[in-house]
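Input: a single structure, listed below in structure tokens.
No lab work stands behind these numbers, since they all come straight from the coordinates. From a predicted model like this one, the values you see are computed outputs, not experimental measurements. Glycine gets a Cβ as well: all are built from the backbone with ideal geometry, and neighbour counts include every protein chain shown.
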Amino acid sequence: MQQTVLVVDDEPSNRVTLERLLARDGFHVLHAESGREAMEQLRRHSVDVVLTDLKMPGMSGLDLLKAVRTLDPDIEVVVMTAYGTVEAAVEAMKEGAYDFVSKPLKRLELLTTLRKCLEKRALQLENRRLRE
């Protein structure tokens, strides 16, 4: 089954590059240019993981992370930024991000992170089904 990644970045070139990279590796990719648009996508589509930029006008990546956790705690979130600080990474992880990756993104590192993230999600969903 094809897994869906929602790419959220206010920079069009970043969204297009990530969409192409992820689609080439077999992911179904949705995109949004803002946190608000991302939330609309999440309400309309089934998404496995959100890959969001940290610094965006309006709703930041951390604000989006909190909103995603409220909407559906099973959706994994990976935060990316060109302004990687230890404080931002720690805050993202405390808020429930699966991981924090620095731009410029390294293709193999990103794909490895996403695959591990999706494995975790699949195990959590399977555990819930077994308990029910």
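Using the structure shown, decide if residue 21 is among the aliphatic types (A, V, I, L, M), surrounded by fewer than 18 Cβ atoms within 10 Å (Cβ to Cβ), touching a residue at least 24 places away in the same chain (Cβ under 8 Å) and closer than 23 Å to residue 120 by Cβ.
Yes: the conditions hold for residue 21.
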Problem set entry | Any chance residue 13 is exposed (fewer than 15 other Cβ atoms within 10 Å of the Cβ), hydroxyl-bearing (Ser, Thr, Tyr), farther than 23 Å from residue 128 by Cα and free of Cβ contacts under 8 Å to residues at least 60 places away in the same chain | yes
Exercise. Which of the residues spanning the stretch 77-109 are touching a Phe, Trp or Tyr at 6+ places or on another chain (Cβ under 8 Å), part of a helix (DSSP H, G or I) and surrounded by fewer than 17 Cβ atoms within 10 Å (Cβ to Cβ)?
Worked result: 93
Problem set entry | Count of residues meeting criterion [buried (at least 20 other Cβ atoms within 10 Å of the Cβ), not in a loop (DSSP other than H, G, I, E, B) and not small (Gly, Ala, Ser)] in the stretch 40-76 | 11
Exercise. Does the stretch 20-27 include one or more residues that are within 28 Å of residue 128 (Cα to Cα), among the small types (Gly, Ala, Ser) and touching a strand residue (DSSP E or B) at 6+ places or on another chain (Cβ under 9 Å)?
Worked result: no
